[in-house]
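Following this message is one structure expressed as structure tokens.
Nothing in this text is a laboratory measurement; each read-out follows from the coordinates by a stated rule. Keep in mind that what you see is a predicted model, and the values were worked out from it rather than measured. Cβ placement follows ideal geometry from the backbone for every residue including glycine, while neighbour counts extend to all protein chains displayed.
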Amino acid sequence: MLESKKELGNKLYQNLGKLFYAIAMADHSVHMKEMEKLNEVVKDHWLDVDDIEDAYGTDAAFQIISVFDWLLEYEKDQEEIYEEFEAFYMDHKVAFTPAIKHLAMSTSRAIAAAFSGSNKSELILLGRLQLLFDK
């Protein structure tokens, strides 16, 4: 059965939450500045991407923050979470328009740079993401 645009949109945002968590956690800790940057970028850019809403009538882009916060609360393994994002991407490439990929990359870079610049583990993950999007 084909997923509805709404279901796919919600899953897309949930998986972007996973991606941004993995980027922020690449150095094994999430800093307040990284969370602030994520909140800012979601409000400034992701809310305008589409008009998809979640089951509660809230802009689905807020799922990015909800999933990020949930993963942080439960201290999930960032490598495992990144691999979940990667698998979602491979199965749903059609959902990743050039605009979504561009925004996902720029958001990832902004999160990585938010706290004392990007470190080696964050840069490696950004490189992996770029390679994934280029496939």
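Could you state, as a whole-number percent, how many of the C-alpha pairs of segment 1-56 are farther apart than 15 Å?
Counting pairs separated by more than 15 Å, the tail of P(r) holds 56 percent.
Quick test of the membrane-span-like rule: which DSSP H helices of the chain reach at least 15 Å along their long axis (C-alpha atoms) with mean Kyte hydropathy at least 1.0?
Within the chain the helices that satisfy the rule are 62-73.
In square nanometres, what is the average projected area of the Cα convex hull of segment 93-135?
The directionally averaged projection comes out at 2.9 nm².
Considering Cα pairs under 8 angstrom that are at least six residues apart, work out the relative contact order of the chain and quote it in whole percent.
38
Say the cut-off is 29 Å between C-alpha atoms; which of Lys5/Lys33; Lys33/Lys135; Lys43/Lys93 go over it?
Flagged as over cut-off: Lys5/Lys33; Lys33/Lys135.
Treating the beta-carbon of each Lys and Arg as +1 and of each Asp and Glu as -1, no other charges, what is the dipole magnitude of segment 5-134 about its Cα centre, to the nearest 20 debye?
380
Right, another one. Among Met35, Met105, Met90, whose mean-square fluctuation peaks in a Gaussian network model of the chain (Cα, cutoff 10 Å)?
Met90
Classify segment 59-135 from the C-alpha gyration tensor, please: rounded if a/c falls under 1.5, else prolate or oblate depending on whether a/b exceeds b/c.
Because its axes are fairly even, with a/c under 1.5, segment 59-135 counts as rounded.
Could you check the simple spin-label distance between Val94 and Asp77, using points 7 Å along Cα→Cβ, in nm with one decimal?
3.3
What area, in nm² and to one decimal, does the C-alpha convex hull of the chain cast on average over all directions?
With every direction weighted equally, the projected area is 7.8 nm².
Only sites in a loop by DSSP and with at most 15 other Cβ atoms within 10 Å count here; which chymotrypsin sites (Phe, Trp or Tyr not before Pro) in segment 21-79 make the cut?
Here the sparse-neighbourhood loop sites are Tyr56, Tyr74.
At Ser106 and Leu47, where each label point lies 7 Å from the Cα along Cα→Cβ, what is the point-to-point distance in nanometres?
Modelled inter-label distance: 1.7 nm.
Loop only by DSSP, 16 or fewer other Cβ within 10 Å of the Cβ. Give me the GluC sites (Glu not before Pro) in segment 65-135 that pass, ordered by residue number.
Glu75
Along the positive direction of the dipole of the chain (beta-carbon charges: Lys, Arg +1; Asp, Glu -1; about the Cα centre), which of Leu131, Ile64, His92 reaches farthest?
Leu131
Work out, step by step, the length gained on full extension between Glu7 and His28: first 0.36 nm times the residue separation, then minus their alpha carbon distance; give nm to one decimal.
Full-extension gain reported as 4.5 nm.
With runs of 4+ DSSP H residues as the only contributors, calculate the mean residue ellipticity of the chain at 222 nm using -39,500 (n - 2.57) per run, divided by the residue total and rounded to the nearest 500.
Rounded to the nearest 500, it is -22000 deg cm²/dmol.
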